[in-house]
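**Q** Take a look at the following structure, please.
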Amino acid sequence: MPDNTQDHNDLPSHAHERLAQMRGQGGKRALFTSDLSVNEFLLVKEAGFEPVGMVVGSSIYHIGYQQARWTKNEEMTVLTQAMYHARELAMTRMEEEADELGADGVVAVRLKVKHLGWGESLAEFVAIGTAVVANDRATNWRTVQNKPFTSDLSGQDFWTLLKSGYRPVGMVMGNCVYHVAHQSFGQFFKNMGQNVEMVNFTQALYDARELAMERMQNEAMEVKAEGIVGVDIHEGSYAWSDHIMEFFAVGTGVVQMRADHHIPAPQLVLSVND
């Protein structure tokens, strides 16, 4: 399992200044920012939440080196832990910004990874979302750790989820960096010109996906979720060798708010655009 120990670093001074300006004085907020589209913004308000500010978390991380055995399928645990911990740092800092705004949650969260020109082993991990507060103060929307909930659902999906009697409890993720074994010369010549399953390759990718999914599910159980919606599995190599890749699973853990899950009836919409 990845090491999910979190570092609690203070936010930059300019972040405190920006958040204080949005928070306002005397309980009256002066300004909000949001990366939601207009439709998403209005649907989030219709769902009973007010956007209070765009929140960001960042971590520039040096990804270590690990030697893989040429003909061995195996997890690259050093790389798995690096990729997980860097994302967790970015998420934690985004949550800290939301906490400072007094938010109940963060919606439409996006996690980005990009490599930097300063060095081939450096990557920036960024978490971005819109912090919201609930109009319903009788419900505790926060997580079991008393942190703002996070969700990568769109504004439309967030509205539909709430109207159907469920609420998000946290964005959950799992990952696995895996080395896919190379063929031996004997295998290469034996399979040349043949239609044949590459069993060791199949098993490697299968194992890596399963590890990522299992770790995502374990996170969901930690936040007491009853299920995960909007699950997505990303695959990337991030400039490693051709035989090393990461599987990253992410989704939103949810719990039910009521037993009656009334689904709003779909409506037909005809576009008048050309």
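Every number in this text was worked out from the coordinates using simple rules, so none of it is lab data. What you see is a predicted model, and the numbers here were worked out from it, not measured in a lab. Positions of Cβ are backbone-derived with ideal geometry, glycine not excepted, and every protein chain shown enters the neighbour counts.
**Q** If a paramagnetic tag sat 7 Å from the Cα of Asn39 along the Cα-Cβ line, which residues of region 105-146 would have the backbone N under 17 Å from that point?
**A** 108
**Q** Of Met91, Met213, Met22, which is the most mobile in a GNM of the chain whose springs link Cα atoms less than 10 angstrom apart?
**A** So, out of Met91, Met213, Met22, the one fluctuating most is Met22.
**Q** What are the GluC sites (Glu not before Pro) within region 196-274 that DSSP puts in a loop, where the Cβ has at most 14 other Cβ atoms within 10 Å? Don't skip to the answer; put the middle values down first.
**A** Working: sites: Glu197, Glu210, Glu214, Glu219, Glu222, Glu226, Glu235, Glu246; in loops: Glu197, Glu226.
Listed in order of number, the matching sites are Glu197, Glu226.
**Q** Also: Springs between alpha-carbon pairs under 10 angstrom, Gaussian network model over the chain: which of Ile228, Ile244, Ile263 fluctuates most?
**A** It is Ile263.
**Q** Could you line up Val52, Val107 from fewest to most neighbouring Cβ atoms inside 10 Å?
**A** Values: Val52 24, Val107 28.
The fewest-first ordering by Cβ neighbours comes to Val52, Val107.
**Q** Taking the chain as a Gaussian network, Cα atoms linked when under 10 Å apart, which of Gly26, Gly251, Gly174 shows the biggest mean-square fluctuation?
**A** Gly26
**Q** Where does the longest stretch of the chain lie that holds no chymotrypsin sites (Phe, Trp or Tyr not before Pro) found in a DSSP loop with 11 or fewer other Cβ atoms within 10 Å? Can you show the working numbers first?
**A** Details: sites that count: Tyr65, Trp70, Trp118.
In the chain, the maximal stretch lacking such sites is 119-274.
**Q** Round to the nearest 10 and give me the degree value, 0 to 90, for the angle of helix 199-222's Cα axis relative to the longest principal axis of the chain.
**A** 30 degrees
**Q** Based on DSSP, what percent of beta bridges with both residues in the chain are antiparallel, to the nearest 5? Before the final figure, lay out the partial values.
**A** Working: 46 of 48 bridges.
Antiparallel: roughly 95 percent of the beta bridges in the chain.
**Q** May I ask for the angle, rounded to the nearest 10°, between helix 77-100 and the longest principal axis of the chain, with both axes built from Cα atoms and the value confined to 0 to 90°?
**A** 10 degrees
**Q** Just one of [x] 17.1, 52; [y] 21.6, 76; [z] 20.5, 79 is Rg and Dmax of the Cα atoms in Å calculated from these coordinates, so which is it?
**A** The value computed from this structure is option [y].
**Q** A follow-up question, please. Can you tally the lysine pairs in the chain where the Cα-Cα distance is under 22 Å and the two residues are eight or more apart, or on different chains? Before the final figure, lay out each step's value.
**A** On the way: Lys28/Lys45; Lys45/Lys147; Lys45/Lys163; Lys72/Lys190; Lys112/Lys147; Lys147/Lys224; Lys163/Lys224.
Eligible lysine pairs with Cα atoms under 22 Å apart amount to 7.
**Q** So if a site counts as exposed when it's one of the trypsin sites (Lys or Arg not before Pro), its DSSP state isn't H, G, I, E or B, and it has at most 14 other Cβ atoms within 10 Å, what's the longest stretch of the chain without one? Intermediate results must be reported in sequence, preceding the final value.
**A** Working: sites that count: Arg69, Lys72, Arg137, Lys224, Arg258.
In short, 138-223.
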